[in-house]
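Participant: Quick one: the structure is below, questions incoming.
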Amino acid sequence: MGVNIHAQGQARANLKVSALASGSSGNSYLVEAAGIKLLFDAGLNAYTIESYLRGLGASCSELSAIFVTHEHIDHLRGAGMLARRHRLPIVATQGTFNAGAHQFGLLREKVVQPPGTEIDVGGVTVRSFAISHDAVEPCGFWIEAGGWNIVLCTDLGCATDSILEPLSAADLLVLEANHDLDRLWRGRYPYALKRRVAGPHGHLSNADAARLVFDLATGSTSHTRPRTVWLAHLSAANNTPGMALDAVGDPLRREGCANFHVAVLARDRPSHVWSREYAPIAASAIGMGAGE
């Protein structure tokens, strides 16, 4: 099934991922590859996203599409406005479109991508995978270009089989480390909210993230290739960058996993940028791939 999303601009031999923000007040990431620019989540207001992109030397008019993981406001706040203002398609699951209809507003072009399917955008492949979260049909994204793999895996209450292959493939892994469990339970949140955050459809704790990364680093398929982990979606009330970094990084240092580099993303502003050389291919329209 063909999908009418077209690449913008000229191909260039570079793959770059920029974190615009990652937290309960808004999440957004820019992926650039061989002239293709894709926005993943638009949880900030449209003006802020436009401003942050300008700071990175990009503009919304250059985007090929906006991919949205789920309908919570910190992931789609600016999506509808950006889509209308810049005539952009939005890609999401049907459940996300249904549950987020009021927030999206009228959309010129919607592309439904069920979990477990892939979309090609001018040589950039975007695969979706199911995650465990209290949204209607949430997903993570596995982006591949020129042999490099970026995986966005946030807003999940627990690890499921569906995330294992993407995490194993990731050269850059954006992984949730939302809270310190002790700090959450001792904190000021109402009991019902604490149960929701800590539950299997809530958010991943520092300890859970640490176990996932440690298993990746010490598994039989980890090899010694350099890998980067960005800890994302930190809670302002129940976590700190230092706590998350220590929880995930200390076991790696004790095990001597020097090929893993761990960093923490800023909650409310652009922070880290990851880039690699990329062998470009000719840009083209995108379409649904295997697994549709």
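Participant: Find the accessible area per residue for the chain; the probe is 1.4 Å, ligands and nucleic acids are left out, and the unit is Å². Please report the intermediate quantities before stating the final value.
Facilitator: On the way: 11910 Å² over 292 residues.
Accessible area per residue, the chain: 41 Å².
Participant: With all protein chains present, how much of the accessible area of the chain (probe radius 1.4 Å) comes from carbon and sulfur, to the nearest whole percent?
Facilitator: Numbers: 6170 of 11910 Å².
With neighbouring chains kept in place, the figure for the chain is 52 percent.
Participant: Specify which labelled value, from [x] 1.18; [y] 1.10; [z] 0.94, agrees with Cα Rg over 2.2 N^0.38 Å derived from the coordinates of the model shown.
Facilitator: It is the value labelled [z].
Participant: Quick check: from the Cα gyration tensor, does the range 45-136 come out rounded (a/c under 1.5), prolate or oblate? Display every interim value, and only then the final one.
Facilitator: Values: a/c = 1.71, a/b = 1.27, b/c = 1.35.
It comes out oblate by the Cα gyration axes.
The values are calculated or read from the model by the stated rules, or taken from the named source; none is laboratory data. Bear in mind the structure is a predicted one, so any value in this text is a computation, not a measurement. Ligands, DNA and RNA are excluded from the accessible area calculation, which covers all protein heavy atoms including side chains. Shrake-Rupley method; radii C 1.70, N 1.55, O 1.52, S 1.80 Å.
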